[in-house]
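Some notes on the structure that comes next.
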Amino acid sequence: MENKFKSLDKKILKVWLIVGGICFLPFLCVLVILALLIDPQYLVPTLITGILVLILLGLLCFGYPVLKYHYYSYYYDERRICINKGVIFRTKIVIPVCQIQDLHLYQGPIMLLLKLSGVEISTAGSNYVINGISNDDASKMIKELEEDLYQRIKESLDE
């Protein structure tokens, strides 16, 4: 079953890196403003501290999405949906199809430009998201899961 797991579309990595850049930019601006306004005798220690903070933030904003993409995979069939995710704490989520209450397809503005979708799966207890699937794969996934769910409902009513 392991070899059936699919990776997310590579374009989702671009989305996550763009979001990381948007988060990183204000900190870079603050460092530049501090460098321009600070007293020259404190300039070197401030710049060294600021650069160290920027390196850590850069790793967080740009390194974490790469690792997140690497460790994220999903699989579904007529009985269950499996999601593997997590960089530091790895999680395997198994969602029985019979427990699905709602399936939602969504796109943010950047995802819309890159022709990506997210699938939100709602059960009685939780919501789960598979973010970063191509539009065609997401539509196909929802269609197949709906068909499987309706088939199981029909089978249970016929019994």
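Of note:
- Within a Gaussian network of the chain (alpha carbon springs, distance under 10 Å), most fluctuating of Y74, Y128, Y42: Y42
- For the listed residue pairs K10/K154; K68/K154; K11/K140; K85/K154, the alpha carbons are over 30 angstrom apart in K10/K154; K68/K154; K85/K154.
- Magnitude of the charge dipole, the range 74-159, Cβ model with Lys/Arg +1 and Asp/Glu -1, debye to 20: 520
- Label selected from (i) 21.5, 83; (ii) 16.3, 60; (iii) 15.4, 55, the criterion being Rg and Dmax of the Cα atoms in Å as computed here: (i)
- Nearest-10 value in Å² for the accessible area of L103, using the 1.4 Å probe: 40
- Listed residue (S73, I51, I22) projecting farthest to the positive dipole end of the chain, Cβ model: I51
- Per-residue accessible area (protein heavy atoms, 1.4 Å probe) orders H70, H104 as H70, H104, starting from the largest.
- Selected from F89, F27, F62 as most flexible by GNM, with the chain as the system and alpha-carbon contacts under 10 Å: F89
- Charge sum, other residues only, whose C-beta stays under 14 Å from G132's C-beta, Lys/Arg counted +1 and Asp/Glu -1: +3
- The phi-based Karplus calculation (6.51 cos²θ - 1.76 cosθ + 1.60; θ = phi - 60°) puts the 3J(HN,Hα) values of the range 17-29 at 5, 5, 4, x, x, 5, 6, 6, 4, x, 5, 5, 4 Hz, whole numbers, x for Gly and Pro.
- 3J(HN,Hα) along the range 127-142: 10, 10, 10, 10, 9, x, 10, 4, 4, 5, 5, 5, 5, 5, 4, 5 Hz, from the Karplus curve 6.51 cos²θ - 1.76 cosθ + 1.60 with θ = phi - 60°, whole Hz, x for Gly and Pro.
- Per-residue surface analysis assigns K68 an accessible area of about 70 Å², computed on protein heavy atoms at 1.4 Å probe radius.
- The chain, relative contact order in percent, only Cα pairs under 8 angstrom and at least six apart counted: 21
- Listed residue (G118, S156, L103) projecting farthest to the positive dipole end of the chain, Cβ model: G118
- Potential lengthening between Y106 and L52 on full extension [0.36 nm per residue; Cα-Cα distance subtracted]: 15.7 nm
- Per-residue SASA entry for E147, accessible area with 1.4 Å probe, Å² rounded to 10: 100
- Residue-wise HN-Hα coupling along the range 65-81, computed from phi with Karplus coefficients 6.51, -1.76, 1.60 (Hz; x: Gly, Pro): x, 5, 5, 4, 5, 4, 8, 9, 8, 9, 8, 8, 9, 6, 10, 7, 10
- Highest-fluctuation residue, S126, S73, S139 considered, GNM on the chain with Cα pairs under 10 Å: S126
The values are calculated or read from the model by the stated rules, or taken from the named source; none is laboratory data. Note that the structure is a prediction, hence the values are computed from the model and not measured. For neighbour counting, all protein chains shown are included, and Cβ atoms are generated from backbone atoms with ideal geometry for every residue, glycine included. All accessible areas refer to the heavy atoms of the entire protein, side chains included, with ligands and DNA or RNA removed. Shrake-Rupley method; radii C 1.70, N 1.55, O 1.52, S 1.80 Å.
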